[in-house]
Amino acid sequence: MAKLMAGKFPAAKKKPPSPMAKVRPPDDILAAGLGAAGIRIFSIISRIAEAILIVDGKGRVAFANPAALRFFGRPEKDILGQPFGYRLQPGQTTEIEVESAGGVKKAGEMQVVDITWQEQPASLVTIRDITERKQAEQLKLEVEKHIRLEKLKDEFINTVSHELRTPLSITKEAISLILEKIPGEINAQQAEILEIARSNIDRLARIINSLLDVSKMEAGKVELKKVEVDLQALVRMTALAFEAKAREKGLDLRLELPDQKILIWADEDKLNQVFMNLVDNAIKFTPQGFVKMALAEKEEEVLCSVHDSGIGISAEDLPRVFDKFSQFGRKDGPGEKGTGLGLSIVKGLVSLHGGKIWVDSELGRGTVVTFSLPKMSFEDRLKECLSTMIQESVEKKGFFSVLIFSLINWEALEQESEEKASQALDRIVKLLQKSLRRKGDTVMARAGRFFLFLPDTKKMDAPFVIERMKEILTEHIAGDTWLKGKIKLEARSFSFPEDAVELGKWLDR
């Protein structure tokens with residue numbers, strides 16, 4: 001790209017002309033007898049967005065329109081009569097670079113045409129401002145470079161992580177065998193050293209798993225297997241898992257849960273990972289005091305929080321709290337350490353569930369991490385589950401079946417005792433879940449109706465599953481003193497792709 005030659009246009013002492021600046025037609029135009037026509041021509045030129053200049057045979061600027069003054073960022077007096085400073089190549093398009101008096105760099109596309117000016121050979125120069133286009137091209141190149149680097153980084157992390165898992169597992173198993181004294185006796189000092197080695201192998205394995213989790217989420221490869229999750233039960237299970245660790249540090253592990261059961265449509269394993277990460281983080285950075293887990297049910301969402309009385313996070317660090325590899329309050333030397341990936345993973349998992357997460361903290365006064373989970377109606381849950389299965393089956397050219405069992409006269413049972421009806425429904429759901437043979441099978445129930453979603457089950461196989469489930473349910477009802485003789489059982493099934501139209505109608509309800 002051609003550049004402006006130093007010293008050709010003197011530096012401006014005044015501000016550049018405004019966009020509305022006008023150029024008066026040279027006196028020789030009027031003298032040449034062009035009169036009003038000449039004035040109209042120059043009036044049009046003064047309004048053109050492209051820079052237009054006339055360069056005489058000596059290479060000096062004889063005319064410049066307002067667009068040219070704006071492009072070069074100089075007043076008329078610093079351009080007219082000055083050397084143009086660019087090589088004139090008629091018939092060619094040349095890219096030029098200009099630095100204005102204010103230090104702003106611009107790029108232009110220059111074209112030159114030979115003309116006659118004041119009966120002497122001259123050049124008509126037009127320059128189109130392409131600064132924004134060049135900046136966009138540069139930005140695109142930088143973005144593409146960043147994407148390539150991110151992809152290389154992710155591939156490297158993925159490859160290294162996978163390659164490390166196998167040797168780590170083998171090493172850990174070998175140490176465990178020695179600790180169990182299967183090859184022979186070891187003394188107390190040897191056992192202590194081996195325990196330290198095994199503990200560090202476990203820590204390294206957790207780091208590798210965290211890297212893989214982040215890599216999967218960024219690649220959009222994390223799939224949610226949603227079921228109805230009892231949040232109170234999940235929180236209590238998390239508290240139980242950390243009870244010993246909290247006790248060792250002298251911390252009070254508290255629960256603040258509503259009396260009414262909260263059921264949420266979510267991936268239980270992923271939610272468990274969220275709670276485990278948050279509580280582990282809270283205990284890790286709380287030297288004394290308490291760690292509290294709380295649930296609060298709102299109209300359209302459930303709020304989950306982990307509150308601690310730990311070291312806290314400063315106000316300037318809060319905006320970066322969910323960034324990868326970010327750690328705050330960590331000191332060199334012995335003590336709790338991590339990868340700085342925990343909160344990044346937590347945020348990703350919460351976002352996948354359609355929720356939000358935020359942190360309130362004050363240095364030296366503790367931290368509260370709160371995340372929301374949206375509540376969904378039973379109908380929306382059914383539609384989401386069905387829609388997901390249809391999409392996956394289409395992408396993988398697969399198939400699935402949906403079995404529906406209805407308990408006739410269920411409304412009468414609810415009127416008799418809503419509490420007993422609810423308990424009976426829960427027992428049947430647990431029975432069906434226990435009877436299903438594959439992890440991907442899903443059971444949903446409401447008002448005496450049970451929906452069984454069975455991936456990879458063909459239409460020809462559905463009747464066999466229905467008969468097996470009917471036998472199980474019939475036997476259960478006959479053995480239930482409250483249900484016996486009060487209800488009848490009906491069953492039907494849909495299969496994809498054979499019943500795609502019926503399933504589509506179901507989704508449109």
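Screening the candidates ARG449, ARG437, ARG468 for the property of being among the basic types (Lys, Arg) and in contact (Cβ under 8 Å) with a residue 40 or more places away in the chain yields one hit, ARG449. Based on what the data block shows, is THR457 among the polar types (S, T, N, Q) and at pLDDT 90 or above? When the stated conditions are applied, THR457 passes them.
Listed here are the residues, each with its yes/no results for (1) assigned to a helix (DSSP H, G or I); (2) open to solvent by 20 Å² or more (accessible area, probe 1.4 Å).
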position	(1), (2)
CYS385	yes, no
GLN391	yes, yes
PHE405	no, no
GLU411	yes, yes
GLU419	yes, yes
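Being touching a residue at least 40 places away in the same chain (Cβ under 8 Å) and farther than 15 Å from VAL61 by Cβ is the filter; apply it to the range 88-107 and report the residue that is most open to solvent (accessible area, probe 1.4 Å).
First, the residues of the range 88-107 that are touching a residue at least 40 places away in the same chain (Cβ under 8 Å): 94-102, 107.
After this cut, where a residue has to be farther than 15 Å from VAL61 by Cβ as well, the list is 94-95, 97, 99-102, 107.
Working: THR94: 27, GLU95: 61, GLU97: 53, GLU99: 94, SER100: 18, ALA101: 56, GLY102: 73, ALA107: 9 Å².
Among those residues, the one meeting the criterion is GLU99.
Within the range 304-356, restricting attention to residues that are of a type in the set (S, T, N, Q) and more than 21 Å from the chain's Cα centre (by Cα), which residue is modelled with the lowest pLDDT? Even if it seems obvious, please write down each step before you answer.
Step one: list which residues in the range 304-356 are of a type in the set (S, T, N, Q), which gives 305, 309, 314, 326-327, 339, 344, 351.
Then keep just the ones that are more than 21 Å from the chain's Cα centre (by Cα); that gives 305, 309, 314.
Working: SER305: 95, SER309: 93, SER314: 87.
So, considering only residues that are of a type in the set (S, T, N, Q) and more than 21 Å from the chain's Cα centre (by Cα), the one modelled with the lowest pLDDT is SER314.
With respect to the conditions (1) assigned to a helix (DSSP H, G or I); (2) in contact (Cβ under 8 Å) with a residue 12 or more places away in the chain, LEU373 lacks only one, and its number is (1).
Suppose the filter is open to solvent by less than 100 Å² (accessible area, probe 1.4 Å), hydroxyl-bearing (Ser, Thr, Tyr), farther than 28 Å from ALA266 by Cβ and without any contact (Cβ under 8 Å) to a residue 60 or more places away in the chain; does THR474 pass it? Steps first, please.
On the way: open to solvent by less than 100 Å² (accessible area, probe 1.4 Å): yes; hydroxyl-bearing (Ser, Thr, Tyr): yes; farther than 28 Å from ALA266 by Cβ: yes; without any contact (Cβ under 8 Å) to a residue 60 or more places away in the chain: yes.
For THR474, the condition - open to solvent by less than 100 Å² (accessible area, probe 1.4 Å), hydroxyl-bearing (Ser, Thr, Tyr), farther than 28 Å from ALA266 by Cβ and without any contact (Cβ under 8 Å) to a residue 60 or more places away in the chain - is met.
Could you tell me how many of the residues in the range 108-124 are touching a residue at least 24 places away in the same chain (Cβ under 8 Å) and assigned to a strand (DSSP E or B)?
Applying the first criterion (touching a residue at least 24 places away in the same chain (Cβ under 8 Å)) to the range 108-124 yields 108, 110, 112, 114-115, 117-118, 120-124.
Subset that is assigned to a strand (DSSP E or B): 108, 110, 112, 114-115, 117, 120-124.
Qualifying residue count, the range 108-124: 11.
Scanning the range 51-73 for residues that are assigned to a loop (DSSP other than H, G, I, E, B) and open to solvent by 20 Å² or more (accessible area, probe 1.4 Å) turns up GLY57, LYS58, GLY59.
Among the residues of the range 240-282, which ones are in contact (Cβ under 8 Å) with a residue 24 or more places away in the chain, among the charged types (D, E, K, R) and assigned to a helix (DSSP H, G or I)?
So in the range 240-282, the residues in contact (Cβ under 8 Å) with a residue 24 or more places away in the chain come out as 241-242, 245-246, 249-258, 260-282.
Filter once more, keeping what is among the charged types (D, E, K, R): 245, 249, 252, 254, 256, 261, 267-270, 280.
Passing the criteria: LYS245, GLU268, ASP269, LYS270, ASP280.
The residues on offer are ARG446, ARG437, ARG468, and the sole one that is more than 23 Å from ILE264 (Cβ to Cβ), at pLDDT below 90 and open to solvent by 50 Å² or more (accessible area, probe 1.4 Å) is ARG437.
The values are calculated or read from the model by the stated rules, or taken from the named source; none is laboratory data. As the structure is a prediction and not an experimental result, all values here were calculated from the model. In this analysis, Cβ positions are derived from the backbone assuming ideal geometry, glycine residues included, and neighbour counts consider all displayed protein chains. The protein model used for the area step is the full one, side chains on, heavy atoms only, and it has no ligands, DNA or RNA in it. Shrake-Rupley method; radii C 1.70, N 1.55, O 1.52, S 1.80 Å.
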